[in-house]
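**Q** Here it is: the structure, laid out below.
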Amino acid sequence: MIDIGANLAGKSFSADLPEVLARARQHSVEQIIVTGSDLESSQRAIDLSNKHPGLLYATAGIHPHTASEFSDATAGTLEQMLARDCVVAIGETGLDFNRNYSSQAAQTRSFEAHLELAESIDKPLFLHERDAFTAFYACMQKHPALCKRAVVHCFTGNRQALHAYLELGMHIGITGWICDKKRGRRLRTIVRDIPLERFMIETDAPYLIPNKEQLAPLLAKPHRNEPWTLQYTLAQLAEAIDFDVELLGEKTTANTRKFFNLPTT
Ligand SMILES: [Zn+2]
């Protein structure tokens with residue numbers, strides 16, 4: 001399995017990352033893409049990837065929450081980061097109108113700047129959309145070629161949004177959200193509409209612990225998700241689409257390698 005989104009550059013992992021990575025490998029997580037969500041975490045994701053070549057890769061981008069920090073200088077720094085081989089995607093970027101930590105105007109400006117950058121370089125997009133379907137779709141629709149190289153990570157939207165993204169050619173990232181009894185119900189139903197070659201899986205660690213009640217006692221820190229739990233998301237997804245779990249693991253891994261151009265281990 002490959003975890004396409006883990007926030008390992010964050011503070012919650014700074015004390016025991018080697019143990020976290022060892023546990024991931026013990027549980028068949030072969031590679032992990034470390035999410036960059038601002039300049040600092042993107043740089044840290046690069047540093048971690050250099051320290052663990054072949055195991056960790058990085059994204060570089062500005063999360064919609066911190067979009068108000070985006071400037072022309074930011075774009076230049078991101079461009080330099082994206083020239084590195086270990087940086088396999090632009091992002092995370094997108095729109096989050098659920099929290100609006102940055103204004104919607106600032107989020108849209110930052111998102112469009114990322115898309116422009118993506119047009120000029122040969123790397124895929126790692127995207128975030130929460131409660132912002134209409135505006136997000138309007139932005140992406142203007143970039144048909146980019147859509148075919150974009151993943152909507154941690155998809156939690158409705159069937160209409162899912163179909164719109166699939167029609168644009170996007171990939172879909174599934175997290176432990178799908179394991180949540182209540183909140184995950186809609187997702188468990190609509191994932192059946194996703195073609196096999198569009199699936200990727202992720203933990204979004206330290207967030208979104210799958211099967212929280214069952215797993216919390218097994219975690220090194222009870223409120224911190226880790227990449228080793230990825231198998232639970234895979235298993236729940238396999239059950240939801242009525243597909244063999246091993247084969248689905250192979251399929252999502254192959255999809256991920258192709259999408260991010262990752263070497264085999
Ligand atoms: Zn996100």
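The values are calculated or read from the model by the stated rules, or taken from the named source; none is laboratory data. None of the values given here were measured: they were computed from a predicted structure. All Cβ positions, glycine included, derive from the backbone under ideal geometry; neighbour counts span all protein chains shown. Side chains are part of the model used for accessible areas, which takes the heavy atoms of the whole protein and leaves out ligands, DNA and RNA. Shrake-Rupley method; radii C 1.70, N 1.55, O 1.52, S 1.80 Å.
**Q** So which residues in segment 38-72 are within 16 Å of the ligand (Cβ to nearest atom), out of contact with any helix residue (DSSP H, G or I) (no Cβ under 8 Å at 6 or more places or on another chain) and not in a helix (DSSP H, G or I)?
**A** Selection gives His63 alone.
**Q** Considering only residues that are more than 16 Å from the chain's Cα centre (by Cα) and within 16 Å of the ligand (Cβ to nearest atom), look in segment 140-161 and name the one that is surrounded by the fewest Cβ atoms within 10 Å (Cβ to Cβ).
**A** Ala161
**Q** Let me ask something else. Among the residues in segment 48-64, are any within 21 Å of His128 (Cα to Cα) and free of Cβ contacts under 8 Å to residues at least 12 places away in the same chain?
**A** For segment 48-64, residues within 21 Å of His128 (Cα to Cα) and free of Cβ contacts under 8 Å to residues at least 12 places away in the same chain: absent.
**Q** Follow-up question, since we're still on this one. Looking at segment 80-100, which of the residues that are of a type in the set (A, V, I, L, M, F, W, C) and within 16 Å of the ligand (Cβ to nearest atom) is nearest to Ala135 (Cα to Cα)?
**A** Within segment 80-100, the match that is nearest to Ala135 (Cα to Cα) is Leu95.
**Q** If a residue has to be within 18 Å of Ala45 (Cβ to Cβ) and in contact with a strand residue (DSSP E or B) (Cβ under 6 Å, 6 or more places away or on another chain) to count, how many in segment 63-105 make the cut?
**A** Count: 13.
**Q** Could you list all residues from segment 23-37 that are part of a helix (DSSP H, G or I) and among the β-branched types (Val, Ile, Thr)? Step through it out loud before you land on a result.
**A** Of all residues in segment 23-37, those part of a helix (DSSP H, G or I) come to 23-26.
Within segment 23-37, none qualify.
**Q** Exactly one of these conditions fails for Ser42: (1) surrounded by fewer than 24 Cβ atoms within 10 Å (Cβ to Cβ); (2) of a type in the set (Ser, Thr, Tyr); (3) in contact (Cβ under 8 Å) with a residue 24 or more places away in the chain. Give me its number.
**A** So the condition that Ser42 fails would be (1).
**Q** Something else now. Step by step: first the residues of segment 10-37, then only those that are under 22 Å from Ala150 (Cα atoms) and within 16 Å of the ligand (Cβ to nearest atom), then the one that is most open to solvent (accessible area, probe 1.4 Å). Which residue is that?
**A** Looking at residues that are under 22 Å from Ala150 (Cα atoms) and within 16 Å of the ligand (Cβ to nearest atom), I get Ser37.
**Q** Looking at segment 162-180, I want the residues that are open to solvent by less than 30 Å² (accessible area, probe 1.4 Å) and have a partner that is in a strand (DSSP E or B) and not aliphatic (A, V, I, L, M) with Cβ atoms under 8 Å, at least 6 apart or on another chain. Which pairs are those?
**A** Matching pairs, first to second residue: His171/Phe199; Ile172/Phe199; Gly173/Gly5; Ile174/Phe199; Thr175/Gly5.
**Q** Here's something else I'd like to know. Within segment 235-262, can you find the residues that are without any contact (Cβ under 8 Å) to a residue 12 or more places away in the chain and open to solvent by less than 10 Å² (accessible area, probe 1.4 Å)?
**A** Answer for segment 235-262, where residues must be without any contact (Cβ under 8 Å) to a residue 12 or more places away in the chain and open to solvent by less than 10 Å² (accessible area, probe 1.4 Å): just Ala238.
**Q** Just the residues that are closer than 30 Å to Leu247 by Cα, more than 12 Å from the chain's Cα centre (by Cα) and outside any loop (DSSP other than H, G, I, E, B), please, taken from segment 1-17.
**A** Passing the criteria: only Leu17.
**Q** Can you pull out every residue in segment 210-227 that is hydrophobic (A, V, I, L, M, F, W, C), assigned to a loop (DSSP other than H, G, I, E, B) and free of Cβ contacts under 8 Å to residues at least 40 places away in the same chain?
**A** Once the filter is applied, which keeps residues that are hydrophobic (A, V, I, L, M, F, W, C), assigned to a loop (DSSP other than H, G, I, E, B) and free of Cβ contacts under 8 Å to residues at least 40 places away in the same chain, segment 210-227 yields only Leu219.
**Q** Oh, and also: Scan segment 101-133 residue by residue and report those that are within 15 Å of the ligand (Cβ to nearest atom), open to solvent by less than 10 Å² (accessible area, probe 1.4 Å) and not in a helix (DSSP H, G or I).
**A** Ser102, Leu125, Phe126, Leu127, Ala132
Conditions tested, residue by residue: (1) among the charged types (D, E, K, R); (2) over 26 Å from Leu55 (Cβ atoms); (3) in a loop (DSSP other than H, G, I, E, B).
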site	(1), (2), (3)
Ile172	no, no, no
Ile178	no, no, no
Leu187	no, yes, no
Ala205	no, no, yes
Leu230	no, no, no
Thr233	no, no, no
Phe259	no, no, no
Pro263	no, no, yes
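**Q** With respect to Val20, determine if the residue is farther than 20 Å from Val152 by Cβ and outside any helix (DSSP H, G or I).
**A** No, not satisfied.
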